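Before any comments, here is the structure.
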Amino acid sequence: PWEAVVVAADVAVKSADVQIGFMDRFCGSLIITGGLAEVQTAVEEVVRFFRDTLGFPVCEIHKS
């Protein structure tokens with residue numbers, strides 16, 4: 001749902017020193033910018049929140 005990208009952006013900026021580079025409510029796209037460690041922390045926190053709080057199925061995070 002479109003609300004998910006808004007929630008993800010909110011969780012990301014509250015969990016690490018990151019900025020929202022782009023947010024598309026229609027397709028659910030979210031680009032988070034910042035330092036590598038900060039972006040990784042934000043992504044991990046978003047995935048944890050969606051899994052533990054919202055009950056969404058999630059996949060592992062891979063960095064390449």
Using every pair of alpha-carbon atoms in the chain, split the distances into 5 Å bins beginning at 0 and state the percent of pairs per bin, rounded to integers. 4, 19, 29, 28, 18, 3
For n ≥ 4 DSSP H runs only, could you compute -39500 (n - 2.57) per run for the chain, divide by its residues and tell me the 222 nm figure to the nearest 500? -16000 deg cm²/dmol
Heavy-atom accessible area of L36 with all protein chains present, probe 1.4 Å, nearest 10 Å²? 120 Å²
Roll a 1.4 Å probe over the protein heavy atoms and report the accessible area of S15 in Å², nearest 10. 40 Å²
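The values are calculated or read from the model by the stated rules, or taken from the named source; none is laboratory data. Just so we're clear, the structure is a prediction, and the values are computed from it rather than from any experiment. To get the accessible areas, we keep the full protein, side chains included, count just its heavy atoms, and leave off ligands, DNA and RNA. Shrake-Rupley method; radii C 1.70, N 1.55, O 1.52, S 1.80 Å.
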